[in-house]
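**Q** Got a structure for you, questions after.
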Amino acid sequence: MLVSLFTDASLQPEKKTAGWGCWVRSERGRAWEGGSFEFAVSTSNEAEAWAIVRGLEFSLESGVLWPRDVIILQSDNKHVICSLPFMWNKGENMVQQPRPTYKRTELEVEALDQIQAFQKKHQVSVAGRWVKGHSRSGESRNYINNVCDRLARQGRASLENGSPVKHYNKGKEVHLVSLKPATTINWDGIGDFK
C-alpha cells in the first residue's frame, strides 16, 4: 500500500534543542504526532534526519504503515532526502541520487543508519520527495509541511521551557482497509494552522 509521510524538525542551534513533527496517511487512515528530542542536536540535518526516524516509528505504531508498504517521504530538507539510499523524486521522474559529499556528523550518520535498518527490518520501500518549506502556496503538500513545522516548533519550545515531551499532540483517524476512508480530518488538539 502507498503511504505518504511528511516530517519536519525545528532547531535552536545555540541551545542545541530540537523538536520534530510528522503526518502520515494511507488508505488505513491518517495520524500525526510531534515531540522533542531527548539529546542535544547541533545541525538542521541532524534534526531533520531524526525527525524521519521518529516519523517512521510513529507511522508503524499508529497502524497507518505496515511492513512491505511503499512510503513517499516528503521533507523540506534536500540534504537529508539526498543522503538516503533510495529514489528521490526530481520533477515527476524518480531517479537514483548519489549520497552528497558534505561531511555528516556522527549523530546524522546514526539517524541515517537507523532509517536504513527500519527499511530492511520492515521491508518497506521509500521514495523521497522535497517539499518547499514555510510556503503559503495553498497546495496541500505545503499545508501539511506547515502542520509538521508547527508540531516541531511546539516540541522544541516545550523542551526549552523545561517540560520536554517525547510525544504530544497525537491525533489519529485509522480505518480498516475494507472501510471507506474518512472524508474529514480530525484536527482536534493540534491548534490552528491557517
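**Q** Mind checking region 3-51 for chymotrypsin sites (Phe, Trp or Tyr not before Pro) that DSSP puts in a loop (not H, G, I, E or B) and that have at most 16 other Cβ atoms within 10 Å?
**A** Phe39
**Q** Subtracting the Cα-Cα distance from 0.36 nm times the residue separation, let me have the gained length for Ser163 to Asp113 in nm, one decimal.
**A** Gain on extension, Ser163 to Asp113, equals 15.1 nm.
**Q** Turning to a different aspect of this structure: Each residue of region 64-81 in turn: what ³J(HN,Hα) in whole Hz from Karplus with 6.51, -1.76, 1.60 and θ = phi - 60°, glycine and Pro shown as x?
**A** Per residue, the Karplus-derived 3J(HN,Hα) values read 6, 10, 10, x, 6, 7, 10, 10, 9, 8, 10, 9, 8, 10, 5, 4, 5, 4 Hz.
**Q** Net charge near Leu107: determine it from the other residues with C-beta under 13 Å of the C-beta of Leu107, scoring Lys and Arg +1 and Asp and Glu -1.
**A** With Lys, Arg at +1 and Asp, Glu at -1, the net is -4.
**Q** Per residue of region 152-158, what does 6.51 cos²θ - 1.76 cosθ + 1.60 with θ = phi - 60° give for ³J(HN,Hα)? Whole Hz please, x for Gly and Pro, Karplus curve as stated.
**A** For region 152-158, the Karplus-derived couplings read 5, 5, 5, x, 5, 4, 5 Hz, x marking Gly and Pro.
**Q** Taking the highest mean first, how do the peptides 72-80, 145-153 order by number of other beta carbon atoms within 10 angstrom per residue?
**A** In descending order of packing, they fall as 145-153, 72-80.
**Q** What distance in nm separates the two pseudo spin-label positions at Glu61 and Leu2, each 7 Å out from Cα along the beta-carbon direction?
**A** Roughly 2.8 nm, to one decimal.
**Q** Scan around Val131 for amide H atoms under 5 Å from its own, H built in the peptide plane at 1.01 Å from N, and keep only partners 5 or more places away or cross-chain.
**A** Under 5 Å from the amide H of Val131 lie the amide H atoms of Ser75, Asp76, Asn77, each far enough along the sequence or on another chain.
**Q** Please identify the trypsin sites (Lys or Arg not before Pro) of region 14-68 that satisfy two criteria: DSSP loop assignment and at most 13 other Cβ atoms within 10 Å. Which are they?
**A** Counting only loop positions with at most 13 other Cβ atoms within 10 Å, the trypsin sites (Lys or Arg not before Pro) in region 14-68 are Lys15, Arg68.
**Q** Still on this structure, please answer the following. From the backbone phi of region 112-126, what are the Karplus-calculated ³J(HN,Hα) couplings (6.51 cos²θ - 1.76 cosθ + 1.60, θ = phi - 60°) in whole Hz, Gly and Pro given as x?
**A** With coefficients 6.51, -1.76 and 1.60, one gets 4, 5, 5, 5, 4, 5, 4, 4, 5, 4, 9, 6, 9, 9, 10 Hz.
Only the coordinates and a few stated rules stand behind these numbers; no lab work does. Computed from a predicted model, the values in this text were never measured in an experiment. Don't worry about glycine lacking a Cβ; one is built from the backbone with ideal geometry, like all the others, and counts go over all protein chains shown.
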